[in-house]
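Undergrad: The structure under discussion is supplied below as structure tokens; questions concerning it will follow.
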Amino acid sequence: MTSIFRSKTLRFTGIGVAVTTLCVTGAGMAAAANPASAFGQAVGTAVHAAGVDWSDLPDGYTQAQYEAFWGAEYSGEDLAALQELWSLDETEAKSRAGQAILDGEQLPFAPGTHTTPELPAGEQAATAAFLDAGYTSEDVEELSALWDTEYVETKVRAGQMVLDGEDLPLDAATTSGS
């Protein structure tokens, strides 16, 4: 009878370890898919508190830079303008802008300079779905080039596709959202 108990104990322990590993791996993958999301930040904070040295932001881009850039209330459209002005990708532009803000330097324009007019509720929902799915301004640029559409129109169209459960025609190697 004792050998059966040990066997069950070992099996339950093994199952517990396997399930825990799968949960942690799944959470890590979800956080890595969109590290700037609330969930990604929560996972990053939790693993850091547990003593794991794991950054949820790309190399060369710090949490302080992230918070400085978005905390200064720059918009996604402002970010796209900085990318174009500086000929940098999204992460490099946010990193450079965030560091400039931390250093007390002025960016080429004030926050909100490149915002778009208020969108109707349906278009706001589509844009939010696009961003919540983890897509980036680089994805918008790729789709804009493909569809020959303006930035906001592209976000709305792509967001509606996300809401409809359709796949976006993005290069799988560069897609950050799915």
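Values in this text are rule-based calculations from the coordinates and carry no lab data. Everything numeric here is computed off the predicted structure, so don't read it as measured data. Counting neighbours? That spans all protein chains shown, and the Cβs are built from the backbone with ideal geometry, glycine included.
Undergrad: Could you tell me what % of all Cα pairs in region 76-178 have separations over 17 Å?
TA: Summing the P(r) of region 76-178 above 17 Å gives 55 percent of all pairs.
Undergrad: Another question, then. Through the Karplus equation 6.51 cos²θ - 1.76 cosθ + 1.60, θ set to phi - 60°, convert the phi angles of region 154-170 into ³J(HN,Hα) values in whole Hz; use x for Gly and Pro.
TA: Here the 3J(HN,Hα) series is 5, 4, 5, 5, 5, x, 5, 5, 4, 4, 7, x, 8, 7, 7, x, 10 Hz.
Undergrad: Need the full-extension length gain, TRP86 to LEU119, defined as separation in residues times 0.36 nm minus the C-alpha distance. One decimal, nm.
TA: 9.1 nm
Undergrad: Then there's this: Would you compute the Debye intensity of region 60-115 from its alpha-carbon atoms alone, equal scatterers and no solvent, and pass along log10 I(q)/I(0) at q = 0.21, 0.25 Å⁻¹ to two decimals?
TA: Ignoring solvent entirely, the Cα scatterers give -0.67, -0.97.
Undergrad: Neighbour counts of other C-beta atoms within 10 Å: give me LYS94, LYS155 arranged from fewest to most.
TA: LYS94, LYS155
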